[in-house]
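Student: Mind looking over this structure? Questions follow.
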Amino acid sequence: MSYSDQTRLSYEAILQDIEEKGLYKNERIICDPQGAEVKVEFPAGSEQKQLINMCSNNYLGLSSHPEVIKAAHEALDHRGYGLSSVRFICGTQDIHKELEARLSTFLGTEDTILFSSCFDANAAVFEALLDADDIMISDRLVHASIIDGMRLAKAQHDTYKHSDMKHLRKKLEMYQDRPRKIIITDGVFSMDGDIAKLDEIVQLAEEFDAMVFVDDSHATGFMGKSGRGVHELCGAIGKIDLISTTFGKALGGASGGCISGRKELIDLLRQRARPYLFSNTLAPTITMATMKVLDILEASTERRDKLENNMKWWRKAMAEAGFILVEGDSPIVPIMFYDAKLAQAFSKDLYQEGVFAVGFFFPVVAQGQARIRTQLSAAHDLEHLERALAAFIKIGKKHDILGKNKEELLKITQ
Ligand SMILES: Cc1ncc(COP(=O)(O)O)c(C=O)c1O
């Protein structure tokens with residue numbers, strides 16, 4: 001240990017400041033597989049509690065599905081535990097090529113490249129495909145991984161106001177002369193759960209000869225009538241140049257991700273994408289389990305249909321109970337508190353009532369926009385949702401926030 005007390009104290013002061021502002025993120029320890037209910041230890045070492053999980057990205061309830069687990073076991077038996085290589089040296093198995101082809105078919109694209117995570121995919125893409133004269137125009141609420149990816153690129157960056165198509169048009173007009181233009185958006189926005197206007201974005205892209213990049217991590221597997229994603233929902237299958245997505249949410253929930261899209265772009269990513277060239281290949285277990293997930297999704301829409309019904313029920317019930325929700329049509333249902341300490345306190349009380357739903361606050365969301373982000377899953381049965389609703393109402397009464405508007409809520413917390 002080389003550094004001085006002064007350096008140590010400087011870090012301790014930062015941590016203390018985070019804590020004093022009510023922004024410290026404590027980890028809850030889950031002691032069983034992911035599901036509609038989980039055993040949780042919080043704080044670490046305390047007695048385990050059985051909770052209804054209202055905050056996972058296990059949208060389709062496939063994270064612990066027996067067929068998915070079996071496929072992962074088979075991968076261990078037939079393709080081993082790991083490849084000890086990046087893809088282009090000796091890390092490409094037949095199953096990696098097979099999964100890439102399966103994803104292209106599922107997403108309706110020309111080709112797909114796998115990454116160890118969607119974060120890596122987003123970090124790779126812009127730097128590899130754009131030059132200094134090109135322009136990246138992104139929605140102001142895109143995911144942190146996209147922001148980091150844009151930071152790594154030489155191309156210039158500008159933003160348009162969240163989902164504001166007039167503003168996007170203005171920016172496209174402003175940058176008409178750039179050799180390459182790319183519009184960058186999330187499909188479903190992860191903090192608000194609202195959906196990008198992909199149909200309008202595609203029209204604008206065609207008018208201005210721009211590329212379209214969509215991060216569909218919170219949509220692949222369940223948005224659209226057969227679960228292809230927001231491009232299916234918006235009638236834009238085959239019209240999106242680049243789709244990034246994760247296997248770490250609806251598609252089994254382990255880890256891994258990909259970029260899928262136009263063939264020449266994917267080819268170039270294989271040559272240039274740094275996290276692809278310099279990071280280890282996707283583990284065989286995840287590769288084969290993700291293919292099993294695709295089998296399940298292609299065989300039936302039962303899971304995405306159940307998820308949609310759960311989402312509608314929860315949104316209606318929570319609004320009627322008097323909570324402030326961010327409007328939307330996705331299974332991300334944010335309950336607004338605005339104040340970080342209130343969101344934290346509410347989450348702790350929910351925990352005591354058997355509900356697992358965590359507070360989100362700065363820097364995960366903007367200052368003054370603290371919330372509890374609830375997320376629905378096809379693993380939830382009505383009985384889970386009814387119990388969770390009863391707990392929310394009980395705690396809502398305790399804090400006297402039901403039926404209050406934003407200004408009234410802010411007064412309580414000042
Ligand atoms: C919109 C979005 N993109 C990318 C990611 C990163 O995905 P991964 O966990 O595969 O790195 C996330 C995860 O939180 C996300 O919400």
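The values are calculated or read from the model by the stated rules, or taken from the named source; none is laboratory data. All values derive from a computational prediction rather than experimental measurement. Cβ coordinates were reconstructed from backbone atoms using ideal geometry, including for glycine residues, and neighbour counts include every protein chain displayed.
Student: Please verify whether Arg87 is among the basic types (Lys, Arg) and farther than 30 Å from Ala236 by Cα, treating the condition exactly as stated.
Tutor: Yes; evaluated as a whole, the condition is true for this residue.
Student: While we're here: Of the conditions (1) closer than 25 Å to Ala343 by Cβ; (2) modelled with pLDDT of 95 or more, Arg28 satisfies every one except a single condition; which number is it?
Tutor: Single failed check for Arg28: (2).
Student: If you scan the range 149-170, which residues turn out to be closer than 21 Å to Gly193 by Cα and either acidic (Asp, Glu) or in contact with a Cys (Cβ under 7 Å, 6 or more places away or on another chain) (or both)?
Tutor: Within the range 149-170, just Asp164 meets the criteria.
Student: Would you say Ser116 is within 11 Å of the ligand (Cβ to nearest atom), farther than 25 Å from Leu233 by Cβ and either more than 25 Å from the chain's Cα centre (by Cα) or outside the structural domain of Pro363 (by TED's automatic domain parsing) (or both)?
Tutor: So Ser116 passes the test.
Student: Which condition does Ser260 not pass, out of (1) of a type in the set (Ser, Thr, Tyr); (2) surrounded by fewer than 21 Cβ atoms within 10 Å (Cβ to Cβ); (3) within 16 Å of the ligand (Cβ to nearest atom), if it passes all the others?
Tutor: Result: Ser260 fails condition (2) only.
Student: Follow-up question, since we're still on this one. Quickly run through the range 9-44 and pick out the residues that are farther than 24 Å from Ala254 by Cα and either in contact with a Gly (Cβ under 8 Å, 6 or more places away or on another chain) or assigned to a helix (DSSP H, G or I) (or both).
Tutor: Matches in the range 9-44: Leu9, Ser10, Tyr11, Glu12, Ala13, Ile14, Leu15, Gln16, Asp17, Ile18, Glu19, Glu20.
Student: Moving on to the next point. Go through the range 103-147 and give me each residue that's part of a strand (DSSP E or B), charged (D, E, K, R) and buried (at least 21 other Cβ atoms within 10 Å of the Cβ).
Tutor: Asp139
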